[in-house]
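Q: Have a look at this one.
The values are calculated or read from the model by the stated rules, or taken from the named source; none is laboratory data. Every value quoted in this text rests on a predicted model; they were computed, and no experiment measured them. All Cβ positions, glycine included, derive from the backbone under ideal geometry; neighbour counts span all protein chains shown. For the accessible areas, the whole protein counts, side chains as well, though only heavy atoms, and no ligand, DNA or RNA atoms are used. Shrake-Rupley method; radii C 1.70, N 1.55, O 1.52, S 1.80 Å.
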Amino acid sequence: MVLARFLPRDERFFDYFQNAAKNAAEVAQDLCDLLDHYSEVERKARRVRDLEHRGDEITHQIFDALNRTFVTPLDREDITNLAGRLDDFVDAIEEAVRRIWLYRIDEPTEHARLLAHIADEQAGLIASTMPHLEDRRQWDHLLHCTIEIKRLESEADEVLDRALMELFEGVGDVPGLISAIRWGEIYQRLEDATDRAEDVANTLEGIVVKNA
């Protein structure tokens, strides 16, 4: 509508997205802390759960603002998609941490640590590049970050493949089989988080292409 061009736009959405990205980065950092310093597992899992709830609150703020705002700085569909993809990333990490706690894992594996650090690196890129969404002059840098996030997802695929190939080697009893099955699920949850980060990157890339 022509009238919409002359109405003030609500720019709070960029602040919300930056808050959501920072929260996601904090969740990923806590995942790495859990696996790198494997102690107080229940306390650390509760903290991740609390951060996941904070992420839900930010998502709710975005949708509430969307319902109350006539003119938005981005297409409503793009705002909805980006908010959902950020939330999905946090949810995936929280679910992996919950499985680690529920299964009473004795000691993390190197594959799990690698997947966690890949997700952490992706989250750091998302958090560092999210402020650039508001400034079209920085969109080239934003696109560079999305490419790196997707490259890291491919790296996570390779780690998952190696982990699954080795999973049942030497398993000769029922407890060993149960442990292998549980680790297989944890690996998949961790790799899912890297997939969700790629979804964030794809959504950001789509917004840039649409508005370039």
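Q: From the list Thr146, Thr109, which residue is closer than 20 Å to Asp87 by Cβ and either among the hydrophobic types (A, V, I, L, M, F, W, C) or surrounded by 16 or more Cβ atoms within 10 Å (Cβ to Cβ) (or both)?
A: Numbers: Thr109 fails: closer than 20 Å to Asp87 by Cβ.
Only one candidate passes the filter, namely Thr146.
Q: So, in segment 170-200, how many residues would count as being assigned to a helix (DSSP H, G or I), over 17 Å from Asp91 (Cβ atoms), among the aliphatic types (A, V, I, L, M) and open to solvent by less than 70 Å² (accessible area, probe 1.4 Å)?
A: Residues that pass the stated criteria total 1.
Q: Separate question: Within segment 72-106, track down each residue that is of a type in the set (Ser, Thr, Tyr) and more than 23 Å from Arg46 (Cα to Cα).
A: Our first condition is that a residue be of a type in the set (Ser, Thr, Tyr); within segment 72-106, this holds for 72, 80, 103.
Correct list: Thr72, Thr80.
Q: Going by the conditions given, is Gln18 in contact with a helix residue (DSSP H, G or I) (Cβ under 6 Å, 6 or more places away or on another chain), in a helix (DSSP H, G or I) and open to solvent by 10 Å² or more (accessible area, probe 1.4 Å)?
A: Details: in contact with a helix residue (DSSP H, G or I) (Cβ under 6 Å, 6 or more places away or on another chain): yes; in a helix (DSSP H, G or I): yes; open to solvent by 10 Å² or more (accessible area, probe 1.4 Å): yes.
Against the criterion (in contact with a helix residue (DSSP H, G or I) (Cβ under 6 Å, 6 or more places away or on another chain), in a helix (DSSP H, G or I) and open to solvent by 10 Å² or more (accessible area, probe 1.4 Å)), Gln18 qualifies.
Q: When you scan segment 35-83, how many residues do you find that are of a type outside the set (Val, Ile, Thr), in contact (Cβ under 8 Å) with a residue 60 or more places away in the chain and in contact with a Phe, Trp or Tyr (Cβ under 9 Å, 6 or more places away or on another chain)?
A: Step one: filter segment 35-83 for residues of a type outside the set (Val, Ile, Thr), giving 35-40, 42-47, 49-57, 60-61, 63-68, 70, 73-78, 81-83.
Checking which are in contact (Cβ under 8 Å) with a residue 60 or more places away in the chain leaves us with 35-36, 38, 70, 73-75, 78, 81-83.
Keeping just the survivors that are in contact with a Phe, Trp or Tyr (Cβ under 9 Å, 6 or more places away or on another chain) gives 73-74, 82-83.
Counting residues in segment 35-83 that are of a type outside the set (Val, Ile, Thr), in contact (Cβ under 8 Å) with a residue 60 or more places away in the chain and in contact with a Phe, Trp or Tyr (Cβ under 9 Å, 6 or more places away or on another chain) gives 4.
Q: While we're here: Is there a residue being farther than 19 Å from Leu35 by Cα, part of a loop (DSSP other than H, G, I, E, B) and free of Cβ contacts under 8 Å to residues at least 24 places away in the same chain anywhere in segment 158-169? Before you say what the answer is, go through the steps one by one.
A: Applying the first criterion (farther than 19 Å from Leu35 by Cα) to segment 158-169 yields 158, 161, 165-166, 168-169.
Cutting the leftovers down to part of a loop (DSSP other than H, G, I, E, B) gives us 168-169.
Checking which are free of Cβ contacts under 8 Å to residues at least 24 places away in the same chain leaves us with 168-169.
The answer is yes; a qualifying residue exists.
Q: If you check Thr109, Thr69, which single one turns out to be farther than 24 Å from Arg43 by Cβ and of a type in the set (S, T, N, Q)? Outline the logic, then answer.
A: Numbers: Thr109 fails: farther than 24 Å from Arg43 by Cβ.
None of the other options fit; the residue is Thr69.
Q: Sort through Ala65, Ala25, Ala45, Ala21 and tell me the only one that's among the hydrophobic types (A, V, I, L, M, F, W, C), farther than 24 Å from Ser128 by Cβ and either out of contact with any His (no Cβ under 8 Å at 6 or more places or on another chain) or at pLDDT 95 or above (or both). Spell out the reasoning first.
A: Values: Ala65 fails: farther than 24 Å from Ser128 by Cβ; Ala25 fails: farther than 24 Å from Ser128 by Cβ; Ala21 fails: farther than 24 Å from Ser128 by Cβ.
After applying the criteria, what remains is Ala45.
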